[in-house]
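Encoded as structure tokens, the structure appears first; notes follow it.
The values are calculated or read from the model by the stated rules, or taken from the named source; none is laboratory data. None of the values given here were measured: they were computed from a predicted structure. Ideal geometry is used to build each Cβ from the backbone, glycine not excepted, and the neighbour counts take in all protein chains shown.
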Amino acid sequence: MGELSRRMLVTGGNINGDRRPIGARGIDRENGRPRRSTRHLVKLTKEGRRQFAHMAIEHESWIVQLFAGIPKREQRTLNESLSRLRAHLTRETP
């Protein structure tokens, strides 16, 4: 779950905070691992993929609206700066 939260760029609490069964959230735990294993393989169900696609479209639209008033050149500069920051933070994270 820690790797999942890192890949989603959210805190672990955002992943573990929902107490509904994982399948009810559109995620399915891969079978075949020992029951007591601390590592889990997760994948989106068909419904989870549908929900994600819908959220991704809405999120992209929201981002486009947020940056609409900023000139393209400044958007590129900001994106480059944030990319460098993310790379730095990723290297610093154990």
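Under the condition of being in contact with a helix residue (DSSP H, G or I) (Cβ under 9 Å, 6 or more places away or on another chain) and either at pLDDT below 60 or of a type in the set (A, V, I, L, M, F, W, C) (or both), which residue from segment 11-21 is surrounded by the fewest Cβ atoms within 10 Å (Cβ to Cβ)?
Result: D18.
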### Message
Testing E47 on (1) surrounded by 12 or more Cβ atoms within 10 Å (Cβ to Cβ); (2) modelled with pLDDT under 85; (3) acidic (D, E), one condition comes back false. Which one is that?
### Response
(2)
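Every residue, every condition in (1) modelled with pLDDT under 85; (2) assigned to a loop (DSSP other than H, G, I, E, B), yes or no:
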| residue | (1), (2) |
| --- | --- |
| S5 | yes, no |
| R33 | yes, yes |
| R39 | yes, yes |
| A53 | no, no |
| I57 | no, no |
